[in-house]
Amino acid sequence: QVQLVESGGGLVQAGDSLRLSCAVSGRTLSLLTMGWFRQAPGKLREFVAAISRYSDITRYADSVKGRFTISRDNVKNMMYLQMNSLNPEDTAVYLCAADSDGRIRYRAHDYDYWGQGTQVTVSS
């Protein structure tokens, strides 16, 4: 069973940066396509970014393109989300997700495994 544990969230001010981490266990990371989603109160879960098994393909939501960078380390079994120039609209619980299909996925229901999430709050 794949287990995902996020960390790195917190309370920051607008313009600040944060780096989220997702620790993966239970399966070799190189077999999984990975993604980050976020969910704000009262809103649907939203795609943020995704990365292919060997990091050759990355995709981002338009709202974070140019500010966020997704990366992974298959040796350390870790995935990351570097978030720069944060603004209050980025406030949400951020969740990492894994999919064993091999293709880049944009919809939450396409992912097989989920972490519990880490809260990111950006004050103005």
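The values are calculated or read from the model by the stated rules, or taken from the named source; none is laboratory data. This is a predicted model, so every value here is computed, not measured. Every residue, glycine among them, receives a Cβ derived from its backbone with ideal geometry; neighbour counts consider all protein chains shown. Each accessible area value is taken on the protein alone, full model and side chains, heavy atoms only, with ligands, DNA and RNA left out. Shrake-Rupley method; radii C 1.70, N 1.55, O 1.52, S 1.80 Å.
At-a-glance table
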{"quantity": "Residue list for the stretch 1-19, filter: open to solvent by less than 60 Å² (accessible area, probe 1.4 Å), within 10 Å of G117 (Cα to Cα) and among the hydrophobic types (A, V, I, L, M, F, W, C)", "calculated": "L4"}
{"quantity": "Filter pass, L44 being among the aliphatic types (A, V, I, L, M), surrounded by fewer than 22 Cβ atoms within 10 Å (Cβ to Cβ) and not in a strand (DSSP E or B)", "calculated": "yes"}
{"quantity": "Out of M78, M83, sole residue that is within 19 Å of G117 (Cβ to Cβ), touching a Leu at 6+ places or on another chain (Cβ under 9 Å), open to solvent by 30 Å² or more (accessible area, probe 1.4 Å) and at pLDDT 95 or above", "calculated": "M78"}
{"quantity": "From the options A61, A49, residue that is within 20 Å of R19 (Cβ to Cβ), touching a Leu at 6+ places or on another chain (Cβ under 7 Å), small (G, A, S) and without any contact (Cβ under 8 Å) to a residue 40 or more places away in the chain", "calculated": "A49"}
{"quantity": "Residue list for the stretch 99-124, filter: in a strand (DSSP E or B), touching a Gly at 6+ places or on another chain (Cβ under 8 Å), open to solvent by less than 40 Å² (accessible area, probe 1.4 Å) and of a type outside the set (D, E)", "calculated": "T118, V120"}
{"quantity": "Selection within the stretch 86-98 - open to solvent by 10 Å² or more (accessible area, probe 1.4 Å) and in a loop (DSSP other than H, G, I, E, B)", "calculated": "N87, T91"}
{"quantity": "Some residue of the stretch 31-40 being more than 15 Å from the chain's Cα centre (by Cα), more than 13 Å from G115 (Cα to Cα) and either loosely packed, with under 12 Cβ neighbours inside 10 Å or of a type outside the set (A, V, I, L, M, F, W, C) (or both)", "calculated": "no"}
{"quantity": "Every residue from the stretch 53-66 that is surrounded by fewer than 16 Cβ atoms within 10 Å (Cβ to Cβ) and modelled with pLDDT of 95 or more", "calculated": "I57, T58, D62, S63, K65, G66"}
{"quantity": "Members of the stretch 14-30 found to be among the polar types (S, T, N, Q) and over 9 Å from the mean Cα position of the chain (by Cα), listed by number", "calculated": "S17, S25, T28, S30"}
{"quantity": "Residue satisfying condition, being out of contact with any strand residue (DSSP E or B) (no Cβ under 9 Å at 6 or more places or on another chain), among the hydroxyl-bearing types (S, T, Y) and open to solvent by 40 Å² or more (accessible area, probe 1.4 Å), within set T28, T69", "calculated": "T28"}
{"quantity": "First in the stretch 95-123 and closer than 23 Å to S25 by Cβ, second anywhere and β-branched (V, I, T) and in a loop (DSSP other than H, G, I, E, B), Cβ under 6 Å, 6 or more apart", "calculated": "A98/V2; I104/I57; Y113/V2"}
